[in-house]
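Novice: Handing you this structure, nothing more for now.
The values are calculated or read from the model by the stated rules, or taken from the named source; none is laboratory data. Predicted, not measured: the structure shown is a model, and the values here were computed from it. Cβ coordinates were reconstructed from backbone atoms using ideal geometry, including for glycine residues, and neighbour counts include every protein chain displayed. Heads up: the accessible areas ignore ligands, DNA and RNA and are worked out on the full protein's heavy atoms, side chains in. Shrake-Rupley method; radii C 1.70, N 1.55, O 1.52, S 1.80 Å.
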Amino acid sequence: MKFLVKATYATLVGAGVVYAFIALQGPNGIPGLLEKRRQVKELELVNQRLHREIEEKQDRIKRLEQNPSDQEFEIRQRLKLAKPDEKIYIIDGKK
């Protein structure tokens, strides 16, 4: 009788170990966890890059708001405007 109880417990523990091993190897187990961590790191890097870009654009906007000559240069460059005695040369990079 004791042998049967011990054998049952051993079988249950063995089945539990096998189940845990299979569960940890599946897509939601350790490989899934590692993939999710990799994705989080990748998204954190993208997020940092986007924050830097936002800060650079905010700095540029502040410079344009505070410096009328920078504003004028930007407007003239985008609209391809020239002062009366200036010449503008547009070079086409196509070959």
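Novice: Among the residues of the stretch 43-52, is any under 30 Å from Ala23 (Cα atoms), assigned to a helix (DSSP H, G or I), open to solvent by 100 Å² or more (accessible area, probe 1.4 Å) and free of Cβ contacts under 8 Å to residues at least 24 places away in the same chain?
Specialist: First pass over the stretch 43-52, keeping only residues under 30 Å from Ala23 (Cα atoms): 43-44.
Imposing the further condition that a residue be assigned to a helix (DSSP H, G or I) reduces the set to 43-44.
Remaining after also requiring open to solvent by 100 Å² or more (accessible area, probe 1.4 Å): 43-44.
Within this subset, residues satisfying the condition of being free of Cβ contacts under 8 Å to residues at least 24 places away in the same chain are 43-44.
Yes, that holds for at least one residue.
Yes or no, residue by residue, for (1) part of a helix (DSSP H, G or I); (2) aliphatic (A, V, I, L, M):
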{"site": "Leu4", "(1), (2)": "yes, yes"}
{"site": "Ala10", "(1), (2)": "yes, yes"}
{"site": "Gly16", "(1), (2)": "yes, no"}
{"site": "Leu24", "(1), (2)": "yes, yes"}
{"site": "Asn28", "(1), (2)": "no, no"}
{"site": "Pro31", "(1), (2)": "yes, no"}
{"site": "Leu34", "(1), (2)": "yes, yes"}
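Novice: Taking Arg60 as the residue in question, decide whether it is open to solvent by less than 100 Å² (accessible area, probe 1.4 Å), modelled with pLDDT of 90 or more and either part of a loop (DSSP other than H, G, I, E, B) or not β-branched (Val, Ile, Thr) (or both).
Specialist: Details: open to solvent by less than 100 Å² (accessible area, probe 1.4 Å): yes; modelled with pLDDT of 90 or more: yes; either part of a loop (DSSP other than H, G, I, E, B) or not β-branched (Val, Ile, Thr) (or both): yes.
Judged against the criteria, Arg60 is a match.
Novice: Would you tally the residues in the stretch 69-95 being in a helix (DSSP H, G or I) and open to solvent by 90 Å² or more (accessible area, probe 1.4 Å)?
Specialist: Result for the stretch 69-95: 5.
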